[in-house]
1. Could you count how many residues in segment 39-65 are at pLDDT 95 or above, open to solvent by less than 70 Å² (accessible area, probe 1.4 Å) and either within 20 Å of ASP148 (Cα to Cα) or in contact with a Ser or Thr (Cβ under 7 Å, 6 or more places away or on another chain) (or both)?
2. Please find, within segment 76-89, the residue that is farthest from HIS143 (Cα to Cα) out of those that are in a helix (DSSP H, G or I) and open to solvent by 60 Å² or more (accessible area, probe 1.4 Å).
3. For segment 8-38, name all the residues that are open to solvent by 20 Å² or more (accessible area, probe 1.4 Å), under 17 Å from LEU99 (Cβ atoms) and part of a strand (DSSP E or B).
Amino acid sequence: MNFIAIDFETANNSRSSICAVGLAVVENGKLIETAHFLVKPIPNVYNFYNTLIHGIDDSHTQNEKTFEQQWTDLQKYFNNQTVVAHNAAFDCSVLRATLDTYNLDYPNLDYHCTYRLAQKTLPLYGFSLDEVSDYFNIQLNHHHAESDAQASAIIALKLCEIYKANSLEELSTNLG
């Protein structure tokens with residue numbers, strides 16, 4: 001089973017204001033790599049509430065590369081991949097908005113949402129990343145993009161294990 005888990009943090013209310021990217025790479029059913037990239041949003045403007053959530057502000061990103069400048073290094077993680085995210089609707093919309101902003105081509109990818117998969121399978125009252133991580137005893141530094149991506153990857157692996165699925169596609173299909 002091969003996939004990549006992603007998480008984006010944004011600087012403000014604009015979906016195209018990525019300020020951090022978290023990645024967790026799974027190959028042959030094993031988490032083999034995680035990565036964290038700070039990104040300079042254009043403009044480098046932060047909403048107080050967003051900074052309160054993730055702790056990133058303009059001083060952290062003023063000397064970083066923009067998403068457009070980093071895309072050549074990042075796109076290998078996305079092209080022809082199965083992608084998983086906790087609340088994939090948000091993360092995929094952030095990716096689309098940012099690619100649109102820079103007039104970059106969309107990568108060819110398939111995606112799955114650990115939030116939705118957890119809703120269908122786990123006996124919880126809430127399904128936020130921290131609640132599902134607690135259920136599986138996953139250590140989480142919530143709203144740190146790399147930690148969130150890693151937790152999403154582990155959740156996906158655990159759900160596949162519980163439901164004896166050999167892939168996220170099989171798990172999603174079996175759960176409807």
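The values are calculated or read from the model by the stated rules, or taken from the named source; none is laboratory data. Source: prediction; values computed, not measured. All Cβ positions, even for glycine, are placed from backbone atoms using ideal geometry, and neighbour counts span all protein chains on display. Quick note on the areas: whole protein, heavy atoms, side chains included, nothing else; ligands and nucleic acids left out. Shrake-Rupley method; radii C 1.70, N 1.55, O 1.52, S 1.80 Å.
1. So the answer is 11.
2. Selected residue: LYS76.
3. Correct list: PHE37 only.
A quick yes/no check of all residues on (1) within 23 Å of GLU33 (Cα to Cα); (2) touching a strand residue (DSSP E or B) at 6+ places or on another chain (Cβ under 9 Å); (3) modelled with pLDDT under 95; (4) open to solvent by 10 Å² or more (accessible area, probe 1.4 Å):
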site: LYS120; (1), (2), (3), (4): no, no, yes, yes
site: SER128; (1), (2), (3), (4): no, no, no, yes
site: SER133; (1), (2), (3), (4): yes, no, no, no
site: ILE138; (1), (2), (3), (4): yes, no, no, yes
site: ASN141; (1), (2), (3), (4): yes, no, no, yes
site: ALA145; (1), (2), (3), (4): yes, yes, no, no
site: ALA149; (1), (2), (3), (4): yes, yes, no, no
site: SER152; (1), (2), (3), (4): yes, yes, no, no
